[in-house]
Amino acid sequence: AAPVQVQLVVPVAVVFSPGSVPGDLPRPLPFRDVQEMEISVNLRTSVTARYEMVFRSTTAQEEAALAAVTPRETDAALRPLQDSSMGSLTIYVVPETSSLLPQGISVYVGKHRSALVRAGGSLAALHTRLRQVTQVMSFTATSIAAALSDRVANGQLSPDARRNLKSSLGYEITFSLLNPDPKLHAVDWDIEGAVNRYVKPVVDKLSLVANFSVDSQILYYAVLGVTPRYDKESSSFLLSAHSLPHVINPVEARLGSSAASLYPVLNFLLYVPERSHSPLYIQDKNGAPVRTNAFHSPRWGGIMVYNVEAPASSQASIPLHVDVDMARVMEVFLAQLRLLFGLSREELPPEFLLESPGNEGLADWELDHLLWAHTVENIATVSTTLTSLAQLLDKIGNIVIKDDVASEVYRAVASVQSALSKLAMGHLHSAFQASKEAVTSSERAFFDPSLLHLLYFPDDQKFAIYIPLFLPMAVPILLSLAKIVRETRQHKKEPTKMD
């Protein structure tokens with residue numbers, strides 16, 4: 001792949017409230033400082049993270065907001081007072097003794113683009129906390145390496161890096177209800193209401209990243225590809241962790257949506273086990289039951305098993321009517337959706353407190369987290385696509401490149417350069433938009449129909465096609481020519497008669 005050099009600039013405002021300024025500050029406020037971090041990918045790809053920090057004191061309005069009782073109220077009051085542009089961060093430093101943060105918590109991350117941090121006494125301690133916060137709220141070396149996973153040797157990547165969905169211009173989300181036993185179970189799910197209530201706010205927030213379409217289906221007589229094991233002790237059926245991969249393939253054949261889709265499809269399956277395999281529980285690797293009774297498959301989606309209580313009396317009417325508790329189901333599916341997009345919140349120190357994003361499903365800074373990763377991934381993808389296109393055109397000697405293909409290539413290159421310069425200026429939103437345009441243009445150029453048929457029509461195929469057409473016509477012509485040549489020679493040999 002072609003060399004890629006990216007500089008990611010994060011504008012950070014560090015705001016000191018009264019009584020929180022460390023004694024060993026190098027110069028009086030306000031002042032600027034720059035910190036850089038190299039993210040190692042490989043020799044041909046260099047990524048530099050540059051945190052451009054402005055250190056200043058609070059304004060009177062910010063002080064009033066910091067006087068609130070809870071961090072959540074403070075976060076809401078501070079929002080209109082800070083730079084809310086994408087990719088930027090505002091970190092408010094409160095005194096070490098502040099009662100605003102709960103006991104034992106030194107960092108509170110709000111649901112917008114700001115955080116509260118205890119001063120930590122010295123500048124060194126404060127810097128450590130600032131570094132942790134900026135990496136949690138913007139990007140980590142791991143998230144950028146995962147975005148560039150196609151350029152990294154397999155051994156260097158953590159297993160989680162390959163879980164995340166690839167950057168795409170769109171995604172399709174399909175919710176499927178699998179009812180293998182419709183004679184015994186009449187299952188009702190209010191999927192439309194659940195999508196409007198739980199999925200729509202998340203998709204609206206993510207609409208900046210890509211286009212989303214959501215659909216649903218009910219599949220009858222669709223069974224899992226694995227027969228569960230009966231456990232006498234618990235008188236229930238168990239699916240063990242090692243058999244879960246085999247569950248997906250047979251079901252996938254019935255889903256049928258991914259074949260016709262231009263975009264990656266995320267499948268969320270709700271499985272109501274048949275009466276003969278109820279209740280059905282999923283076990284983890286250690287043999288313990290999984291609390292949510294669900295599992296997810298990286299880059300594919302997730303499956304949740306929804307057990308139905310067997311009727312108390314054998315006289316109960318058949319089919320048994322089942323009303324699905326959509327709140328419980330959607331909680332699991334939205335958690336899986338976050339995992340697929342790499343927004344899990346696991347690797348945080350215990351002194352961190354993260355505000356719940358509420359019904360939007362993800363905080364503003366988590367949206368930025370996606371944009372940083374997808375922008376870098378798009379730039380690398382375009383670079384690879386254009387390099388492949390150039391190599392291809394070198395191989396096909398007689399190719400004609402039309403003006404519209406050339407203009408798409410120029411547009412892709414210009415958009416990538418624009419994305420790189422916007423990143424270096426700290427303008428994340430416009431950088432991401434430029435990187436999306438670059439992907440669109442490079443794909444259009446690469447898959448242009450005028451180039452496509454030449455790929456599948458090399459010279460040896462031309463001979464194979466034309467020889468059967470022209471040979472029958474050529475044979476009599478060649479024989480006639482041979483005859484004419486023979487006669488001419490004979491004519492020359494014969495001596496002319498003299499009278």
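Across the chain, counting alpha-carbon atoms alone, Rg and Dmax equal 32.2, 138 Å.
Using a/c under 1.5 as the rounded threshold, could you call the stretch 367-451 rounded, prolate or oblate? The axes a ≥ b ≥ c are square roots of the C-alpha gyration tensor eigenvalues, and prolate needs a/b larger than b/c, oblate otherwise.
Numbers: a/c = 2.81, a/b = 2.46, b/c = 1.14.
Note, shape of the stretch 367-451 comes out prolate.
Taking amide H positions as modeled 1.01 Å from N, with prolines and chain starts lacking one, the residues under 5 Å from Gly342 and 5 or more places away or on another chain are Leu165.
Solvent-accessible surface of the chain, averaged per residue with a 1.4 angstrom probe and all protein chains in place: 52 square angstrom. Segment Ser99..Thr227, full-extension length gain: 40.5 nm, with 0.36 nm per residue of separation and the alpha-carbon distance subtracted. Of the options Leu334, Ile303, Thr381, report the single residue whose Cα projects farthest towards the positive end of the charge dipole of the stretch 255-393 (beta-carbon charges: Lys, Arg +1; Asp, Glu -1). Comparing the listed Cα positions along the dipole, Ile303 ranks first.
Relative to the 2.2 N^0.38 Å rule of thumb, the stretch 6-87 has a C-alpha radius of gyration ratio of 1.40. Relative to the dominant Cα principal axis of the chain, helix 123-137 is inclined by about 50°.
Taking the accessible area of the stretch 367-451, probe 1.4 Å, and keeping the other protein chains in place, the carbon and sulfur fraction comes to 59%.
Residues of the stretch 211-231 with backbone nitrogen within less than 12 Å of a virtual label 7 Å along the Cα-to-Cβ line of Thr440, please, listed as ranges. Within reach of a label on Thr440, which here means backbone N under 12 Å from a point 7 Å along Cα→Cβ, the stretch 211-231 contributes 211. Annotation: the stretch 229-301 has a Kirkwood hydrodynamic radius of 13.9 angstrom, from the mean reciprocal C-alpha pair distance.
Between His491, His242, Ile401, the Cα set farthest toward the positive side of the dipole of the chain (charges on each charged residue's Cβ, about the Cα centre) is that of His491.
Positive end of the charge dipole of the stretch 63-129 (Lys, Arg +1 and Asp, Glu -1 on Cβ, about the Cα centre): tell me which of Ser88, Ala68, Gln103 has its Cα farthest that way. Farthest along the dipole direction, towards plus: Ser88.
Taking the Cα centre of the stretch 367-451 as origin and assigning +1 to Lys and Arg Cβ atoms and -1 to Asp and Glu Cβ atoms, the resulting dipole is close to 80 debye.
The angle between the Cα long axis of helix 245-255 and the main principal axis of the chain comes to about 70°, on a 0 to 90 degree scale. For the chain, the Cβ-based charge dipole about the Cα centre amounts to some 1580 debye (Lys, Arg positive; Asp, Glu negative; other atoms uncharged). Round to a whole angstrom and tell me the spacing of the C-alpha centers of the stretch 342-369 and the stretch 221-270. Between the Cα centre of the stretch 342-369 and that of the stretch 221-270, the gap is 30 Å. Could you work out, for the stretch 189-317, what percent of all Cα-Cα pairs fall into each 10 Å distance bin, beginning at 0 Å and stopping at the bin that holds the largest distance? Percent of Cα pairs in each bin: 10, 36, 32, 17, 4, 0. Modelled this way, with points 7 Å down the Cα-to-C-beta line, the labels at Gln461 and Val34 are 5.2 nm from one another.
Cross-link pairs exceeding 28 Å between alpha carbons, from the set Lys436/Lys462; Lys166/Lys200; Lys200/Lys422; Lys166/Lys402; Lys166/Lys462; Lys205/Lys285: Lys436/Lys462; Lys200/Lys422; Lys166/Lys402; Lys166/Lys462; Lys205/Lys285.
If you take every DSSP beta bridge whose two residues both sit in the stretch 165-341, what share of them, in percent to the nearest 5, is antiparallel? Percent antiparallel among DSSP bridges in the stretch 165-341 is about 20. Relative to the longest principal axis of the C-alpha atoms of the chain, give the angle of the C-alpha long axis of helix 326-340, reported between 0 and 90° and rounded to the nearest 10°. With both axes taken from Cα atoms, the answer is about 60 degrees. Each principal axis of the Cα cloud of the stretch 315-362 was evaluated for its coordinate range; sorted largest first, these ranges are 56, 21, 19 Å.
The values are calculated or read from the model by the stated rules, or taken from the named source; none is laboratory data. Source: prediction; values computed, not measured. Neighbour counts run over all protein chains shown; Cβ positions are idealised from the backbone, glycine included. Quick note on the areas: whole protein, heavy atoms, side chains included, nothing else; ligands and nucleic acids left out. Shrake-Rupley method; radii C 1.70, N 1.55, O 1.52, S 1.80 Å.
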